[in-house]
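What follows is a short report on a single structure.
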Amino acid sequence: MLFGPRRVFSGLLPVFAAIAGAANANEPGEYRYNWLTVGEPSGSHVVTYADDGSAAFTFEFNDRGRGPETTTHLRLNKAGVPVHIEITGKNYRKGEVDETFSATDGTATWRSKIESGSAAFDGSTFFWANNGAPEMLAVLARALLDAPGQQLEMLPSGRASLDTLSTQEIEADGQSRRIALYGINGLGTSPTYVWLDEARKLFGVDYGWFGLTPEGFEEHIDVLKKGQTDAQDAFYRGMTERLTQPLEGLLAIRGARVFDSLQGRLTPPATVFVWKGKISAVYLEIIDIPEGATVIEAEGKTLMPALWDMHAHVNVNSYFNYLAAGVTNVRDMANDPDTIFKLSDDVTAGLLAGPDVHALGFIDKRGEYSAPTGNLADTQDEAVQLVDYYARRGFHGIKLYSSLEPAWVAPVAAAAHARGMVVMGHVPAYMNATQAINAGYDELTHINMVLLNFMGGETLDTRTPTRFLVPGEKAGELDLASSEVTEFVKLMRDKGIAHDPTLSIFLDMFLNEPGKISLTFRDIADHLPVNVRRGAIASAGFNAGKEEAFARSAQTTRQVVKLLHDNGIRLLPGTDNSLPGFTLIRELMHYADAGIPPAEVLQLATIEPARHLNQQERLGSITVGKDAHLFLVDGNPVEDLSDLYRVEQVVKGRKLYNAPELLRAQGFKPFAAAD
């Protein structure tokens, strides 16, 4: 039976009847909210409803020099459905926003920088804006509460529904509020959460690293976080129970050619056995299977060692996408430690289906541009002490970030190395990659940090979008045969410096085309849920007005990745993106487009990460005695890496997952048949 929060929380529904029946949500007045970054105000949301029923609200926040600045004008009909929306300002990347929606005489029309269209309008369909502020979640929730069956057809397409999940009583400065948590289905791959108060006004939302509360209630963001986390846990635990097939006895996968990641080649059709979570036997022929074994017939298919994502910021929403793409191990590059601990515990206990996490401890200097996660230091001594905090909790390395003082790098790196930990990350502002390596870096994160080494990185404030703009504008002029580049590549090779390029996000940035699906998801757009697909449509970005220069830089960026690979620099494929399972596949395809042979690309995503993290004795190849982390592909990725989308079955230890079912459960159109 399909799990749904309404079923689990059905006993609470009478409590919500009074809230759902409130009629004064659009009462004239001004309502002020604070946007929070790790609990600290970093922006604002002001909502105003006028006597004539119209509304206006502003929304802005600062995230390391990025963040939206929008103004919305809104008018609703009697059903609480928008009949007029006008949104202007700047998007997250500071591109221009100009979005309108209008419904008159039975016709709805909409236009923005990325899309336009029209449809019949009967007064009940709800248009979901691309650049809507948090108040739009509350507007939709109220309309759903009043709609028959708490469901509404959406424009441009799709359907939304509402589940009522929990209530809380909270108090601040003598004010008492009763708030309710709602889950809106149909906007993404899992419920979208919003809190309303007893008058059905927006109360807040937790967004992980970020959050929103009314002014004066900031201390209650943890209450919102816990309520949403509990609801999310219930949702994904139900999904896990329904979609996980325990492997109780012998499993045989017969007829597939095996990708031998140690040699970088395919075997003849083989028979592979799994017993108690381990690869127990590999026969390079098709043999008879003992009676009682579970058999997967795989003739004409490819059996792969599981993939690794070496640049993740894990959250539970990505876990099923990872598994459906054959990714069973990820390296988390920066996160709240408690999030890492909880997700790992839930996966280990079998409560949650997902990859295993290999976590880095994150350190940045506290300040205006510090990152919204991990641990922040005010002094060098505090930064060094944080190394011990992470070492004692099992983190295998340290990631440093852009606001860190360059002078702190060497002592932090020395402390980490003394504890057997590796050091990597962004190159801090006013420092270049050569200096970072000489100060103790073992690995460089993001291709732009390599490019900035040749663009005066030691003179630039790369805490801001400067770290994207300068490489985008200038990388196309870089002479890869120059002594400067040659000497730097030699430095990386001689010191054994690895590199995590996250190429896909930079090619998306450098080749941004407003109105088109981003490059990462363009090939698979027809498989995405409708509102996820809309979210993948690019808006104005950093390359606006400089498209030719950025396009030249994209080509150079590919060439740099190939140059590093050809010189023996270990590349570590990672995503740093939404839908990371799909992004990882596109990352690998970019490597092939850069000229790296597909078999070598597959090694970079399987055995090389295992070696890099000293996990090669138990992971990274289909070898007898190793943990059974593997997946079956309907195709031959050694010839065509895009076949990696066509995952059929995934084995992770003693559990088996049907990839098409994992995708369908989150609204995706599968790439392979669900046999």
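The values are calculated or read from the model by the stated rules, or taken from the named source; none is laboratory data. Fair warning: this is a prediction, and the values are worked out from it, not measured in the lab. Ideal geometry is used to build each Cβ from the backbone, glycine not excepted, and the neighbour counts take in all protein chains shown. Accessible surface areas use protein heavy atoms only, side chains included; no ligands, DNA or RNA. Shrake-Rupley method; radii C 1.70, N 1.55, O 1.52, S 1.80 Å.
Among the residues of region 606-615, are any part of a strand (DSSP E or B), touching a residue at least 12 places away in the same chain (Cβ under 8 Å) and either out of contact with any helix residue (DSSP H, G or I) (no Cβ under 6 Å at 6 or more places or on another chain) or crowded, with 24+ Cβ neighbours inside 10 Å (or both)?
Looking for residues that are part of a strand (DSSP E or B), touching a residue at least 12 places away in the same chain (Cβ under 8 Å) and either out of contact with any helix residue (DSSP H, G or I) (no Cβ under 6 Å at 6 or more places or on another chain) or crowded, with 24+ Cβ neighbours inside 10 Å (or both), one finds none in region 606-615, hence no.
Quick one: how many residues across region 345-394 are touching a strand residue (DSSP E or B) at 6+ places or on another chain (Cβ under 8 Å), hydrophobic (A, V, I, L, M, F, W, C) and farther than 17 Å from MET421 by Cβ?
Number satisfying all stated conditions: 4.
Can you name every one of the strands (runs of 3 or more DSSP E) wholly within region 27-70 that holds 1 or more residues which are more than 31 Å from the chain's Cα centre (by Cα) and among the hydrophobic types (A, V, I, L, M, F, W, C)?
Hits in region 27-70: 54-61.
Just the residues that are surrounded by fewer than 15 Cβ atoms within 10 Å (Cβ to Cβ) and of a type in the set (Asp, Glu), please, taken from region 24-67.
Residues satisfying the conditions are GLU27, GLU30, GLU40, ASP51, ASP52.
Can you name every residue in region 590-605 that is among the hydrophobic types (A, V, I, L, M, F, W, C) and either out of contact with any His (no Cβ under 9 Å at 6 or more places or on another chain) or under 17 Å from SER621 (Cβ atoms) (or both)?
Quick first cut of region 590-605, residues among the hydrophobic types (A, V, I, L, M, F, W, C) only: 592, 594, 596, 599, 601-602, 604-605.
Matches in region 590-605: ALA592, ALA599, VAL601, LEU602, LEU604, ALA605.
Checking the condition open to solvent by 40 Å² or more (accessible area, probe 1.4 Å) and either aromatic (Phe, Trp, Tyr) or without any contact (Cβ under 8 Å) to a residue 12 or more places away in the chain (or both), which residue from THR486, THR434 passes?
Answer to the selection: THR486.
From the list LEU460, LEU503, exactly one residue is open to solvent by 10 Å² or more (accessible area, probe 1.4 Å) and touching a helix residue (DSSP H, G or I) at 6+ places or on another chain (Cβ under 9 Å). Which is it?
Residue meeting the stated conditions: LEU460.
Please go through region 124-178 and give me each residue that is assigned to a loop (DSSP other than H, G, I, E, B) and either touching an Asp or Glu at 6+ places or on another chain (Cβ under 8 Å) or open to solvent by 20 Å² or more (accessible area, probe 1.4 Å) (or both), ordered by number.
SER124, THR125, TRP128, ALA129, ASN130, ASN131, GLY132, PRO156, SER157, GLY158, ASP173, GLY174
Filter region 215-235 down to the residues that are touching a helix residue (DSSP H, G or I) at 6+ places or on another chain (Cβ under 9 Å) and open to solvent by 10 Å² or more (accessible area, probe 1.4 Å) and list them by number.
Listed by number, the residues that qualify are THR229, GLN232, ASP233, ALA234, PHE235.
If you scan region 574-603, which residues turn out to be under 22 Å from LEU563 (Cβ atoms), open to solvent by 10 Å² or more (accessible area, probe 1.4 Å) and either in a helix (DSSP H, G or I) or touching a helix residue (DSSP H, G or I) at 6+ places or on another chain (Cβ under 6 Å) (or both)?
ASP576, ARG586, MET589, ALA592, ASP593, ALA594, GLY595, PRO598, ALA599, GLU600, GLN603
Of all the helices (runs of 4 or more DSSP H) wholly in region 458-518, which have at least 1 residues that are among the small types (Gly, Ala, Ser) and farther than 27 Å from MET310 by Cβ? Give the derivation first.
Numbers: elements: 466-474, 483-495, 503-510.
Result: 483-495.
Return the residue satisfying two criteria in turn: it lies in region 518-552 and is open to solvent by less than 20 Å² (accessible area, probe 1.4 Å) and touching a strand residue (DSSP E or B) at 6+ places or on another chain (Cβ under 6 Å), and of such residues it is farthest from LEU662 (Cα to Cα).
ALA536
Scanning region 434-449 for residues that are of a type outside the set (Phe, Trp, Tyr) and touching a strand residue (DSSP E or B) at 6+ places or on another chain (Cβ under 6 Å), which turns out farthest from GLY95 (Cα to Cα)?
Our first condition is that a residue be of a type outside the set (Phe, Trp, Tyr); within region 434-449, this holds for 434-440, 442-449.
Restricting the remaining residues to those that are touching a strand residue (DSSP E or B) at 6+ places or on another chain (Cβ under 6 Å) gives 440, 442-445.
Details: GLY440: 37, ASP442: 36, GLU443: 32, LEU444: 29, THR445: 26 Å.
Selected residue: GLY440.
Restricting attention to region 620-656, report how many residues are of a type in the set (Val, Ile, Thr), closer than 16 Å to THR328 by Cβ and either open to solvent by 40 Å² or more (accessible area, probe 1.4 Å) or within 26 Å of the chain's Cα centre (by Cα) (or both).
Qualifying residue count for the region: 5.
I'd like the residue in region 98-110 that is at pLDDT 95 or above and surrounded by fewer than 20 Cβ atoms within 10 Å (Cβ to Cβ) and, out of all such residues, is nearest to THR71 (Cα to Cα).
Top of the filtered list is THR100.
Which one is surrounded by the fewest Cβ atoms within 10 Å (Cβ to Cβ) among residues in region 236-269 that are aliphatic (A, V, I, L, M) and within 29 Å of the chain's Cα centre (by Cα)?
The selected residue is LEU243.
I need a count of the residues in region 564-573 that are assigned to a helix (DSSP H, G or I) and buried (at least 19 other Cβ atoms within 10 Å of the Cβ). Quick ask: steps written out before the conclusion?
Looking only at region 564-573, we keep the residues that are assigned to a helix (DSSP H, G or I), and these are 564-566.
Those left that are additionally buried (at least 19 other Cβ atoms within 10 Å of the Cβ): 564-565.
Number of matching residues: 2.
Can we say PRO660 is closer than 18 Å to ALA353 by Cα, in contact with a strand residue (DSSP E or B) (Cβ under 9 Å, 6 or more places away or on another chain) and surrounded by fewer than 23 Cβ atoms within 10 Å (Cβ to Cβ)? Can you show your working first?
On the way: closer than 18 Å to ALA353 by Cα: yes; in contact with a strand residue (DSSP E or B) (Cβ under 9 Å, 6 or more places away or on another chain): yes; surrounded by fewer than 23 Cβ atoms within 10 Å (Cβ to Cβ): yes.
It is true that PRO660 is closer than 18 Å to ALA353 by Cα, in contact with a strand residue (DSSP E or B) (Cβ under 9 Å, 6 or more places away or on another chain) and surrounded by fewer than 23 Cβ atoms within 10 Å (Cβ to Cβ).
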